[in-house]
Amino acid sequence: MFNLIFFGPPGAGKGTQAKKISKLLNISHLSTGDILRSKIEQKDEIAIKLKQIMSSGKLVSDEILNEIVSQRLLSDSKKGFLLDGYPRTLDQSDFLNNFMSKNNLNFDFIFNIEIEFNTLKERILKRSIEEDREDDNLEVIQTRYKAYSETTKLVSNFYKENYPQIFHEINGEDKIDEITSKIQKILKK
């Protein structure tokens, strides 16, 4: 059983790697982005608000994400989990750390996938075409990257400083299989 967190800017490959690694380890992949996109399809009042927030590139409130994550972790924590896209703010990380402590859970590995803005911009625009995602356009990319730089990067730095023995930097410029291989080698140590 492993409990992991994946950090990195939007388009860095967190989701791709999280799917591969969660399948390899047979643990739950908790992607807040996938959960939120799924919620939008329900077309209720919350879904309409979420769609407006996400299509503008803004982040969903901590309260909503904390609720989603805590519910999923309670059901999935026995077999392990991989967090992808959470925590994004220092308040979320405080909530998560308290949740983990209250439930006698620990993190085993934290990965931060680093990538240059121009590379991720190209990747996201390509993904937009391939997956027909409305939330992947240049304006949204810039908004999301700015939000990442101003909030999530601080969270990643917090974990880097406070969990150095399990925090690992990964070069997101590498090919997908090379990144997966590097992560697998770290997991085997």
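The values are calculated or read from the model by the stated rules, or taken from the named source; none is laboratory data. In this text, all values refer to a predicted model and were calculated from it rather than measured experimentally. Note that each Cβ is placed from the backbone with ideal geometry, even for glycine, and that neighbours are counted across all protein chains shown. These area figures cover heavy atoms from the full protein model, side chains too; ligands, DNA and RNA do not enter into them. Shrake-Rupley method; radii C 1.70, N 1.55, O 1.52, S 1.80 Å.
Net length available on complete extension from D177 to E130 is 15.0 nm, with 0.36 nm assigned per residue and the Cα-Cα distance removed.
In sequence order, the stretch 115-124 has phi-based couplings of 7, 6, 4, 4, 5, 5, 4, 4, 4, 5 Hz under the Karplus curve 6.51 cos²θ - 1.76 cosθ + 1.60, θ = phi - 60°, and Gly or Pro positions carry x.
Couplings for the stretch 81-87, taken from phi via the Karplus curve 6.51 cos²θ - 1.76 cosθ + 1.60 with θ = phi - 60°, read 7, 10, 8, 10, x, 7, x Hz in order; Gly and Pro are left as x. Remark: the K189-L138 segment gains 14.4 nm on full extension, using 0.36 nm per residue and subtracting the alpha carbon distance. Backbone amide hydrogens, once placed in the peptide plane, bring D136 within less than 5 Å of nothing, excluding anything fewer than 5 places away on its chain.
Would you calculate the separation in nanometres between label points at K153 and L90, each defined as 7 Å from the Cα along the Cα-to-beta-carbon direction? Those two pseudo-labels are separated by 1.5 nm. Between S101 and Q71, the contour length at 0.36 nm per residue exceeds the Cα-Cα span by 9.2 nm. Against the criterion of solvent-accessible heavy-atom surface with a 1.4 angstrom probe, D174, D94, D136, D44 sort, most first, into D94, D44, D174, D136.
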